[in-house]
Amino acid sequence: MSYKFDGHEINVCFPVDSISVNKSSIAFTDRLGKNRKTFSQRTDALKFMKWLLSGNR
């Protein structure tokens, strides 16, 4: 699946095994390995984290 944000596309291969949040960065491990995405606003990072959690069911 992909998450579209600010003209960019973030690809995620579910299931997500782990998620870590640090200020405006999200680190997660999906089926393909470890990834880290940094957002300009913390609220954008939290929206992405909620999307990761909703798709992980």
- Message: Helix 42-55 against the longest principal axis of the chain: what's the angle in degrees, Cα atoms only, rounded to the nearest 10?
- Response: 20 degrees
- A convex hull over the alpha carbons of the chain yields, per residue, a volume in Å³ of 67 Å³
- Note on the structure: For the chain, the per residue accessible area (1.4 Å probe, Å²) is 72 Å²
- Task: Sort the following peptides by mean Cβ neighbour count (other Cβ atoms within 10 Å, averaged over residues), highest first: 2-11, 20-29.
- Result: 20-29, 2-11
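The values are calculated or read from the model by the stated rules, or taken from the named source; none is laboratory data. Note that the structure is a prediction, hence the values are computed from the model and not measured. Reconstructed Cβ throughout: ideal geometry from the backbone, glycine too, with neighbour counts over all protein chains shown. In case anyone asks, the SASA skips ligands and DNA or RNA and just uses the protein heavy atoms, side chains included. Shrake-Rupley method; radii C 1.70, N 1.55, O 1.52, S 1.80 Å.
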